[in-house]
Structure formats: structure tokens, C-alpha cells
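Input: a single structure, listed below in C-alpha cells.
Here, each number is a calculation from the coordinates, and none is a lab measurement. This structure is a prediction, so every number in the text was calculated from the model and none was measured. Ideal geometry is used to build each Cβ from the backbone, glycine not excepted, and the neighbour counts take in all protein chains shown.
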Amino acid sequence: MADVLHATATLDIKADATCRTLSGIAATPTLDRQNSIYDVDGAVFTNPVPLLLHHDQERPIGSAVLTKVGNAIHFEATLADVDEPYLTKAKQHIRSGLLKAVSIGFHPLADGLEYLKGGILKIVKSEICELSLVTVPANRDATILRIKSADVVGHSGVKPMKPTTAEHIQNLENKRAALAARMTGIMEAAAGEGQTLETEQATEHDGLTVQVKSIDADLQRWRDHEKLQISTATPVPTVVTPTTTSPYATVSVRANVPIGTQFVRAACARLMDRSGMLPTGVNAITYAQDRWKDTPEVALYLKAAIAPGTVTDATWAQPLVNQNIANDFIALLRPATILGKVPGLREVPFNTKVPAQSAGGTYGWVGEAKPKPVTKLAFTSTSLGVSKAAGIIVLTKELIMLSNPSAEALVRQDMVAGIAQFLDAQFIDPAVAAVAGVNPASITNGAPTAAATTNPMADIMGLISHFATNNIAVDGVTFILSAANALSLSFRSNLDGSPQYPGVTVAGGNYKGLTFITSQAAGGNVIALQPSLVLYADGGIEIDASQEASLQMDSAPASPADATTVYVSLWQTNSVGLRAERFVNWAKANANAVKYLTATAWPAPTGASAMGEAAAPPLRNGGK
């Protein structure tokens, strides 16, 4: 949940015969592991608040009622009675003691943050937006104090929950595996001795055989039951409106600033700190706190980012993760690139094999008593390794100081433009071939091509025919073309003056279910692709900075450097270099997923065709 911070406290569990309720302490002013103090008196909230799992708004598990009691905030939470795997697992973790803490998700209000001596952050005014169950608490005192039960079964004091269908199947499979292992042991022991089974061994083996057959029959029943449950399941909506029967909802609180601003402010505050431009006693955190009061989360992001931590401590970077400031910048970058504009790309993880069908079966009519053709499908698999696109943007220190909002916007644009332009060209330039361990091939590299004509409709239909001929769905096909060619389409009119390509403008658009995207990287090419057959992996962006480096001020630096290489000192020129790296990769899942036209320069219509007028009026009444 972007821009919502977290503070963790204690959890008590109470189970009854009809539902599961949790009660305990949600917040106290105790100094936590993140070196923060939460002021209970300054907290506001509206009951009930959503109950989430690990602050994931896609995994709501119930609702909670908050109450201020003395110098603490208590809660009474109720888990929802829905059949969701993550909710079932959460209940198991609660019962076993793995989930024994809670964490509030809050948003600082205006002037709601204070910095005390020792780098302690005090949250004096905030709005609590949600309550979450978590594994590792920030509050050192957070632990299960007691377990109450009105209907208790078992030594743990909590009524055991009915296993799900999947859990029941797993339990049966585990039991069968144990029995089969014992049967194998009996037979191998007899084989090793070269003897027949003793009466006692034979009796045990026969008994195990009966049990295995019984489990197999039961497993088949449960698997059939699971299929029935899946076929009749009702999908859970991703966004739920609060009602009397559904008390939880998605909560999102954002600062009223342009997207990407928080990321740029955090980067520039770090740069000013590292470059020594801040007064004595002022660091990046205090500078961000004083400079940008409308985005207090930037200061907390910096505080979390530079605090010491270890790979085993899951709580120290929690504000960094949940602030999601880097993802805020990625959201700004994506729409600027072709990758962000093409709808329906098949997003996959890095280094994960993805199957793709390379050939279909053979089918035909078969006469009575005639043999049927034997057919098979052909499949291949591919995986996207980790690759990155990087660039260095050099800014002056004066610009980084952000003397006015327009300079801030300029920094944001500069940080986006370089990577966006590079990725556009790499994605569609036919000359870009794959280099192992470095970069992927463009989607047009090795793709079929054709020469363009002066007839746009004939060219577009030719590209569509390519997909139809290769049994690739035409629905969703996307065209990437230059703004000039898109403008030419938008100018074309029918004889009655209506646009020939309604919905297509100089910025692209849609026509007859086809999507048109403009990019100057297309040049004279017009690329048609089926997005569902283009694999795409995105690992995010990283920004680093330096003012001491010496750089080759060249978009294609020499590697390795030679005697002619010229370096420019950032320190000497009073500049700072921002190094931006985006981890991204792509590949075609089918060789025919892309086809493109070359040397496309559709002429702008002139005269009658431009104005929608016929060269001569239609003949009527014998042509008079």
C-alpha cells in the first residue's frame, strides 16, 4: 500500500465455536527496532479498519475495531469466513504460533513527523488505515500474552480448524507414501536374504496393500471433489466496497504530487548529502523533512534506506518496501516506453522456463472403418535471464538543489528520457541481435518482413494476413509506427468526409480492434506484433550517484578505453552523475509473433482524398 507506513505491536488470540477472533494491542509509544516512536494520542482512525496479511492489500483477511485504552491502542479483529488458501494458511500459522504479532498501516498527517535526538523519529499525528498480521514485530515487547478459548480442543488452547480439501489430499498422499515405503522395505529385505516372505511379513504386506488400495480409492474421490469445488468457485473481486457483510476494502493514501516526484526528491536529497552541499549538521533526512513537508514519507524512506540492517532482519527495511517510492518511479517510466504502451504483453519472472507451442497436430476427415491419423503437438521452452539497461545522466549541482518546482520536473524528465529512448530502440530495432549475458534481441530481429507500398490499407491487411496464415490470433494485434505515418492515417477520409481510420491520431489510438502505438524509434518501419506471444520480464530500476567519477561523455563509450579516450571530471565541472539501471528482458515465444514493413512512408493525402470529396459528383438522372 503505497505511502502507508507501519508500526508493529502485540497480539492475543481468542477462538470460539463459530469464528476466530483476535484481540490485543495494536500500537504503543515504545521505541521500536526502527528507532521510531508512535504517539497514540495523535492517532485517528475510522472503525472498522481492514485486516490484512503482511500489509498486502491483495490479501484481506477480515476487519478490526480499534480502541484507545490509556497509552495504547487495543484491537478486536474478526477473520473472514471465506474459502481462500491464503486465509486458511494464515489461520494455521496463527494456531501454530508463527503469526503472533500485528502491525498498523498508517499515513502521517501534516506536520506529523518530528525528529528527536539520536535520529529518533516520532510520529505525532497519523491516520491508521489498516491492521495487518505479521511474522516479525518491530516492537520488542510484541508477543502472544495469552490464549483464550470458549471452545478449546488440543494442547495449544486453540480449537483446531477443519483441513481444506487440498490439505486432506496431501495428508492422504503422505500416508500412502509411508505405507508404500514400508511395503518396499519388506520386499527388499526378503530379496536380500533370497527367501520367501515369513508368515508375519506376508500378513503385514497384505494388510498394507489393502490400506494402499483403500487410500487410492479415497484419493480419487477427494480429487474429484476438488475439481468440483474449483468449477463452482466464485472469483473474489480484487477491489471490495465496504458493506455490512464485507467490512474490508482496499485503502490507498497518496501525496498530492505528480507521480515520480517522491523518488526524484529522495534521489536529490541523497545527492546533496553526498556532494557536501548541505550545511553542517544537516543530512539528507533532515533536508528532505524541511524542504518537502507535503511528502513526509520521503524523509522516512531515506531514514529506512540508510539505517544499518542485516539480511536476516525482515523488519528494518519495511518502510522502504512499503513506501514503494522506486516503484512509483517505474510507474512513471513504463508509460514513456513502448513496453509500457503495448497492452497484453505476457509478463513472466526472470530465469523461469516458459513453455510455448511450436507446432500443432495434424487432423483430417476419416471415412468409415478407415485408420485415423496419429498426431502430436510440438513444444519448446524458453526463459528470460536477468539483463539490464543502464545509463548515466549528468546534472549540475545547481539543478539538483531544486530551486523551483520546474527544475524538479526537469530532473524527473531527464531521469526518464534516456532509459525510455534506449529501450524503445532496443525493443524494435531489427539490427539489435542477442548477446549472451548482455542483452536480448529485438522483437524484429530475424522476424519476417515486407516492403511497404503507398496503400496503407493494403499494407495493414498484409500484416494481418501473416498472423492468420500462421494460425495466430488476430485479436489484440498491435502496430508500432512513427508519428508521421500515424498522422498520415488520421488525415485520410472517405468520400463522404468521414475519417477512414477513426480513432487513430498522431499519438496512436485504436481502429477496428487494432491498437496503434507511435514511437520515433520505429523510423520507416511499421511493426505488427501479437503481444500475448511476446514474453516480458521487469525487475525494476536502481539509481546510484557520484560526484567524484570521471566519465566518457559519450552515448557509446569505448570499451576498453584507449589513448584517445577523453574523460570529464564531475568534481572539476561541479556536476553529479546519476546512474540509472533498469532490469528488463523480453523474447518472442513464437517466431511468427512479429512481422514488420520496411521503408514505410505513407504519403499524406492531397486534394479530394484529403478533404473527403470525390473528384466529380456522382451521376444521377442519366448523368445530367
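Overview of values
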{"read-out": "3J(HN,Hα) from dihedral phi, segment 220-229, Karplus parametrisation 6.51/-1.76/1.60, rounded to Hz, x for glycine, proline", "value": "4, 5, 5, 5, 5, 5, 5, 4, 5, 4"}
{"read-out": "Interchain or long-range residues, amide H under 5 Å from GLN500's placed H", "value": "ARG492, SER493, ASN494"}
{"read-out": "Contour minus Cα-Cα distance for MET277 and ALA601 (0.36 nm per residue)", "value": "111.5 nm"}
{"read-out": "Computed label-point distance, nm, for sites THR469 and ALA177 using a 7 Å Cα→Cβ extension", "value": "5.2"}
{"read-out": "Net +/- balance of residues flanking MET457 in space, Cβ distance below 13 Å, scoring K and R +1, D and E -1", "value": "+1"}
{"read-out": "Order of MET457, MET277, MET272 under a 10 Å beta carbon neighbour criterion, fewest first", "value": "MET457, MET277, MET272"}
{"read-out": "Nitroxide proxy distance, nm - points 7 Å out along Cα→Cβ at ASN455 and VAL136", "value": "6.7"}
{"read-out": "Residue order, fewest to most surrounding Cβ atoms within 10 angstrom, among ILE169, ILE392", "value": "ILE169, ILE392"}
{"read-out": "Computed lengthening from ALA591 to LEU495, 0.36 nm per intervening residue step minus Cα-Cα distance", "value": "30.6 nm"}
{"read-out": "Phi to ³J(HN,Hα) by Karplus 6.51 cos²θ - 1.76 cosθ + 1.60 over segment 451-461, Hz, x for Gly, Pro", "value": "7, 6, 10, 8, 10, x, 5, 5, 5, 5, 5"}
{"read-out": "Residue order, fewest to most beta carbons within 10 Å, for ASP83, ASP41", "value": "ASP41, ASP83"}
{"read-out": "Theoretical gain in end-to-end length, ALA434 to ASP39 [0.36 nm per residue, Cα-Cα removed]", "value": "136.6 nm"}
